[in-house]
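A short write-up of the structure that comes next.
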Amino acid sequence: MFLEQGIKPENKFWKYLVGSLFIIAASFVGQIPLTAAVFYKAFSEGKAFPTTNDGVMKMFESNTTLFLVMISFVFAFAGIYFVVKYIHHQTLLSITTSRPKTDWKRIWFSFFLWTFISLVSFSIVYLSSPEKFVLSFKLVPFLILVVLGFILIPIQTSTEEYVFRGYLMQGFANLARNRWFPLVMTSVIFGSMHWFNPEVGKMGNIVMIYYIGTGLFLGVITLMDEGMELALGFHAANNLVGALLVTSDWTVFQTYSIFRDLSDPSAGIDVILPVVIIYPILLFIFSKKYRWTNWKEKLTGNINVEVIK
């Protein structure tokens with residue numbers, strides 16, 4: 001009943017358009033500190049204001065940049081809360097899960113499962129090609145990164161999940177009154193939001209298979225589990241482990257991670273492998289643990305509006 005919680009006569013689709021614009025505006029407000037800091041630094045040092053995202057990202061040391069960038073997600077999350085409560089007259093819980101309360105055991109299980117798989121995967125890659133990595137560990141900056149990461153990265157990933165797997169998924173369900181359309185639309189939009197990441201410029205458009213495929217995976221586990229707790233745990237683990245464990249000069253974020261990847265970016269099996277092998281394995285594990293059934297109906301079936309009324 002997760003999607004059905006947002007199906008109300010008063011929840012017209014135009015409200016979701018207005019709500020989305022409000023959330024975007026809140027995010028822009030949250031970018032003011034970063035913009036002001038860049039202006040101040042450029043002015044005080046007599047430099048030109050950077051005109052590219054890469055230039056902005058390199059204005060400060062990485063922990064400061066991470067903090068300033070993540071502030072926008074705090075404002076965006078506040079925007080989500082405002083929109084859900086005052087425009088749609090729903091609770092935040094109603095776009096989180098169909099359960100009486102948020103199931104934190106599900107969040108932690110998904111978080112630790114993906115953390116374990118990520119660490120094993122990196123270990124295999126590192127042991128097979130250690131020359132592609134360099135140890136870049138610096139104790140004090142890394143400890144600061146750990147504190148910032150554990151506080152701010154879950155806010156960032158949760159904001160994205162609340163927008164795509166919560167708010168917009170219910171919004172598209174209101175529009176289409178079925179399940180496949182919200183699943184497809186949120187996956188495509190989620191993937192498209194990563195279009196301007198430097199990874200795409202370095203590896204080509206084929207990397208969009210990974211981004212859209214990840215969005216599809218997160219949408220499937222949300223619909224099958226009637227809540228987005230598993231998606232929240234997975235997304236937080238994915239970004240947090242990435243920030244702490246390994247980074248490279250061509251990724252969207254530069255952090256004081258333990259390792260730095262020196263290899264040239266290329267869209268190979270590492271782009272396709274998660275989508276066609278690892279994600280199906282995760283679906284199998286989740287389905288057995290939480291006893292998922294009726295896949296076709298939950299992923300492609302129509303929403304019975306009469307029953308809701």
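The values are calculated or read from the model by the stated rules, or taken from the named source; none is laboratory data. Remember, predicted model here, so these are calculated numbers, not experimental data. In this analysis, Cβ positions are derived from the backbone assuming ideal geometry, glycine residues included, and neighbour counts consider all displayed protein chains. We work out accessible area using only protein heavy atoms, side chains counted, and drop any ligands, DNA or RNA first. Shrake-Rupley method; radii C 1.70, N 1.55, O 1.52, S 1.80 Å.
In a helix (DSSP H, G or I), out of contact with any Phe, Trp or Tyr (no Cβ under 6 Å at 6 or more places or on another chain), over 30 Å from Arg179 (Cβ atoms) and modelled with pLDDT of 95 or more: is that true of Phe28 in this structure? Yes. Being of a type in the set (A, V, I, L, M, F, W, C), under 30 Å from Asp54 (Cβ atoms), surrounded by fewer than 18 Cβ atoms within 10 Å (Cβ to Cβ) and at pLDDT 85 or above holds for only one residue in Val241, Val252, Val275, and it is Val275.
With respect to (1) among the acidic types (Asp, Glu); (2) open to solvent by less than 30 Å² (accessible area, probe 1.4 Å); (3) more than 25 Å from Trp14 (Cα to Cα), the lone exception for Glu131 is condition (2). When Trp114 is tested against (1) under 21 Å from Ile258 (Cβ atoms); (2) open to solvent by 70 Å² or more (accessible area, probe 1.4 Å), exactly one condition is not met: (2). Within the range 80-98, residues that are within 17 Å of Glu229 (Cβ to Cβ) and of a type in the set (S, T, N, Q) have Cβ atoms under 9 Å from residues that are open to solvent by 20 Å² or more (accessible area, probe 1.4 Å) and outside any helix (DSSP H, G or I) in these pairs: Thr96/Thr102; Thr97/Asp103; Thr97/Glu226; Ser98/Met1; Ser98/Glu226, counting only partners at least 6 apart in sequence or on another chain. In the range 99-108, what residues are touching a residue at least 40 places away in the same chain (Cβ under 8 Å) and in a helix (DSSP H, G or I)? Selection gives Trp104, Arg106, Ile107, Trp108. Cβ separations smaller than 8 Å between residues 6+ apart or across chains give the following pairs from the range 159-186 residues that are at positive phi and touching a residue at least 24 places away in the same chain (Cβ under 8 Å) to residues that are assigned to a helix (DSSP H, G or I) and open to solvent by 20 Å² or more (accessible area, probe 1.4 Å): Arg177/Val305.
So which pairs qualify, if the first residue must be in the range 42-70 and without any contact (Cβ under 8 Å) to a residue 24 or more places away in the chain, the second must be exposed (fewer than 13 other Cβ atoms within 10 Å of the Cβ), the Cβ gap must be under 8 Å, and the two must be at least 6 apart or on different chains? Pairs that qualify, where the first residue is without any contact (Cβ under 8 Å) to a residue 24 or more places away in the chain and the partner is exposed (fewer than 13 other Cβ atoms within 10 Å of the Cβ), are Ala42/Ala48; Phe49/Phe39.
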